[in-house]
1. I'm checking my understanding of the structure. Among residues of the stretch 9-52 that are of a type in the set (Asp, Glu) and assigned to a helix (DSSP H, G or I), which one is modelled with the highest pLDDT?
2. Hey, among the residues in the stretch 15-36 that are open to solvent by less than 60 Å² (accessible area, probe 1.4 Å) and among the β-branched types (Val, Ile, Thr), which one's farthest from residue 81 (Cα to Cα)?
3. In this structure, is residue 103 modelled with pLDDT under 85, assigned to a helix (DSSP H, G or I) and open to solvent by 80 Å² or more (accessible area, probe 1.4 Å)?
4. When residue 62 is evaluated against the numbered criteria (1) open to solvent by 70 Å² or more (accessible area, probe 1.4 Å); (2) in a helix (DSSP H, G or I), which criterion, by number, is the only one it fails?
Amino acid sequence: KYLDYYVWYQVVAMIWTVSLITNLNIGTVAGSAGLWYFGDESERSNAKDNRTCTALKWCFTKSFGSLALGALVSTFIILLQTYLIYLRETFFRAEDDDTTPTRIYKCIVRSVINCLLAILQ
């Protein structure tokens, strides 16, 4: 029982870490591009100012909480998408009676799951 919780904890932590690293990468690139674009002409030619280090410092200080929260939300969306895909695949592999009401029910459920997946995309 505890092993199941530990495995889920590790899966969530791994997805959250990967999402956080991705957000840090995006924040660093966007910050350095913004510093270059909105900087003065003299700052663009000055090689002493390292815009990438400045943007990375901002990501790890001023914006880290926002990036971590965004990664957590992204983690829950990824888990929800994975669960919906699992439901869709296992629901239609089940061998039920293939009567017309069952087929209609399966079609409705598949449509709802596909709509939810499209919204999450």
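The values are calculated or read from the model by the stated rules, or taken from the named source; none is laboratory data. Note that the structure is predicted; figures quoted are calculated from it, not measured. Ligands, DNA and RNA are stripped out before the accessible areas are found, and what is left, the full protein with its side chains, is counted by its heavy atoms. Shrake-Rupley method; radii C 1.70, N 1.55, O 1.52, S 1.80 Å.
1. At the first step, the residues of the stretch 9-52 found to be of a type in the set (Asp, Glu) are 40-41, 43, 49.
Keeping just the survivors that are assigned to a helix (DSSP H, G or I) gives 41, 43.
Details: 41: 68, 43: 60.
Taking the candidates together, the pick is 41.
2. Let us first name the residues in the stretch 15-36 that are open to solvent by less than 60 Å² (accessible area, probe 1.4 Å), namely 15, 19-20, 23-24, 27-28, 31-35.
The next check asks that each one be among the β-branched types (Val, Ile, Thr); those that pass are 15, 28.
Numbers: 15: 13, 28: 28 Å.
Restricting to residues being open to solvent by less than 60 Å² (accessible area, probe 1.4 Å) and among the β-branched types (Val, Ile, Thr), the top hit is 28.
3. On the way: modelled with pLDDT under 85: yes; assigned to a helix (DSSP H, G or I): yes; open to solvent by 80 Å² or more (accessible area, probe 1.4 Å): yes.
It is true that residue 103 is modelled with pLDDT under 85, assigned to a helix (DSSP H, G or I) and open to solvent by 80 Å² or more (accessible area, probe 1.4 Å).
4. It fails just one condition, (2).
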